[in-house]
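Asker: Have a look at the structure that comes next, please.
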Amino acid sequence: MKKLLWIYSVNAQGVYLNSSGLGMLWNRSKKFQDQLRARISPEWELLIASYDINNTDIPKADIIMYNEMDQAYIADEIKKRSIVISFQDLVTWDFDNIEKKLGSFKKERGV
């Protein structure tokens, strides 16, 4: 099974920054994550993370995904192998568009 890491929020040493994931109600975001996880299984294992901008380690995953609103916080090395999801797709729960971006990225990169 391949690993898809969603950087759902960003923080600086545990203090959340004003990122896209922070504004979502926890129970709503949990439902979103569960539904996305169900849609991409069994091919993908969906991992959810908060990214610490002070940590220089590159997260371990076949593909990394994050929201466009968090782009300013994401390290360039991570950007090179990531899918950027629009904030509108996140807010409207546009799973079809997210899956389409994942499929295109996978095909383009041979993952």
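Asker: Restricting attention to region 41-59, which residues are outside any strand (DSSP E or B), touching a residue at least 12 places away in the same chain (Cβ under 8 Å) and not hydrophobic (A, V, I, L, M, F, W, C)?
Answerer: Those that are outside any strand (DSSP E or B), touching a residue at least 12 places away in the same chain (Cβ under 8 Å) and not hydrophobic (A, V, I, L, M, F, W, C): Pro42, Glu43, Asn54, Thr56, Pro59.
Asker: What pairs can you find where one residue is in region 94-111 and under 19 Å from Asn67 (Cβ atoms), the other is surrounded by 12 or more Cβ atoms within 10 Å (Cβ to Cβ) and among the aromatic types (Phe, Trp, Tyr), and their Cβ atoms are less than 8 Å apart, with a gap of 6+ or different chains?
Answerer: Close Cβ pairs (under 8 Å, with a partner that is surrounded by 12 or more Cβ atoms within 10 Å (Cβ to Cβ) and among the aromatic types (Phe, Trp, Tyr)) amount to Leu102/Trp44.
Asker: Ok, one more. So Ile74 fits all but one of (1) among the β-branched types (Val, Ile, Thr); (2) over 18 Å from Ser41 (Cβ atoms); (3) exposed (fewer than 15 other Cβ atoms within 10 Å of the Cβ); what number is the exception?
Answerer: Result: Ile74 passes all but (3).
Asker: Could you tell me whether any residue of region 28-50 is modelled with pLDDT under 85, out of contact with any Lys or Arg (no Cβ under 7 Å at 6 or more places or on another chain), surrounded by 12 or more Cβ atoms within 10 Å (Cβ to Cβ) and under 15 Å from Ile98 (Cβ atoms)?
Answerer: Among the residues of region 28-50, at least one is modelled with pLDDT under 85, out of contact with any Lys or Arg (no Cβ under 7 Å at 6 or more places or on another chain), surrounded by 12 or more Cβ atoms within 10 Å (Cβ to Cβ) and under 15 Å from Ile98 (Cβ atoms), which makes the answer yes.
Asker: Name every residue in region 60-71 that is part of a loop (DSSP other than H, G, I, E, B) and either modelled with pLDDT under 90 or surrounded by 16 or more Cβ atoms within 10 Å (Cβ to Cβ) (or both), in order of residue number.
Answerer: Within region 60-71, Lys60, Ala61 qualify.
The values are calculated or read from the model by the stated rules, or taken from the named source; none is laboratory data. Just so we're clear, the structure is a prediction, and the values are computed from it rather than from any experiment. Please note: Cβ atoms are built from the backbone with ideal geometry, for glycine as well, and neighbour counts cover all protein chains shown.
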